[in-house]
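The values are calculated or read from the model by the stated rules, or taken from the named source; none is laboratory data. Source: prediction; values computed, not measured. All Cβ positions, glycine included, derive from the backbone under ideal geometry; neighbour counts span all protein chains shown.
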Amino acid sequence: AQKVTQAQTEISVVEKEDVTLDCVYETRDTTYYLFWYKQPPSGELVFLIRRNSFDEQNEISGRYSWNFQKSTSSFNFTITASQVVDSAVYFCALSERRDTGANSKLTFGKGITLSVRP
Amino acid sequence: DVKVTQSSRYLVKRTGEKVFLECVQDMDHENMFWYRQDPGLGLRLIYFSYDVKMKEKGDIPEGYSVSREKKERFSLILESASTNQTSMYLCASSFSNRVGEKLFFGSGTQLSVL
């Protein structure tokens, strides 16, 4: 079973529309972290947010907001009033304790390609 | 800002060649990673290194090896490149091996094996 599921593969919106990117995760740990990264056409993954499992407060940063709900194991990302520069691939990722040494490993979802048209 | 630099943005190699992908980070990070990115599959971990000369297999290590002789440099080696290794390769680093550490990524190397 996938540990991080991003069911949407491609989303296309017109500029100024709001868009929500879904992320569902699976873990047996009580302590874990969730991340969102953005990958613009340049290729480098850019960190957007990190949230630990004990903090269910929603977060807002400018046009970006994140809704973390442990009850549904979801960590959704909303872009308000989207812009062309938001066009990118967005990845959700999970960090959890490992039986092996790689505790800082991130398990990624398959990514969502967002296209914002002018 | 942390800088993770991958030596090549695009690389074209022939089947059977030995290929080296190089990655350097400038922030004295303990951990370094090699991920592979394929359409529809997301990022998958190939190898991980938590100290100089220390390495651990990731989820898809077959056909790859790694080398970390110095803290700042982590190399991915394809001993005999095959066409199914055509992919985008992403290097990353993190400060420590704690759960929840942020990873910093390079810009990636798009490798084509013909």
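Within segment A:101-118, which residues are part of a strand (DSSP E or B) and away from every other protein chain (no Cβ under 14 Å)? Answer for segment A:101-118, where residues must be part of a strand (DSSP E or B) and away from every other protein chain (no Cβ under 14 Å): A:Leu114, A:Ser115, A:Val116, A:Arg117. Candidates are the residues of segment B:1-44 that are of a type in the set (Ser, Thr, Tyr) and assigned to a strand (DSSP E or B); the one that is farthest from B:Glu101 (Cα to Cα) is B:Tyr10. Scanning segment A:51-76 for residues that are assigned to a strand (DSSP E or B), free of Cβ contacts under 8 Å to residues at least 40 places away in the same chain and of a type outside the set (S, T, N, Q) returns A:Arg51, A:Glu59, A:Ile60, A:Tyr64, A:Trp66, A:Phe68. Within this structure, A:Asp29 fails the test of being of a type outside the set (A, V, I, L, M, F, W, C), under 17 Å from the mean Cα position of the chain (by Cα), outside any strand (DSSP E or B) and surrounded by fewer than 17 Cβ atoms within 10 Å (Cβ to Cβ).
Selection of strands (runs of 3 or more DSSP E) fully inside segment B:49-114 by the criterion of at least 3 residues being more than 14 Å from every other protein chain (Cβ to nearest Cβ) and surrounded by 17 or more Cβ atoms within 10 Å (Cβ to Cβ) returns B:73-78.
Residues in segment A:75-100 that are within 13 Å of chain B (Cβ to nearest Cβ), more than 16 Å from the chain's Cα centre (by Cα) and either crowded, with 16+ Cβ neighbours inside 10 Å or modelled with pLDDT of 95 or more (or both): A:Arg98 only.
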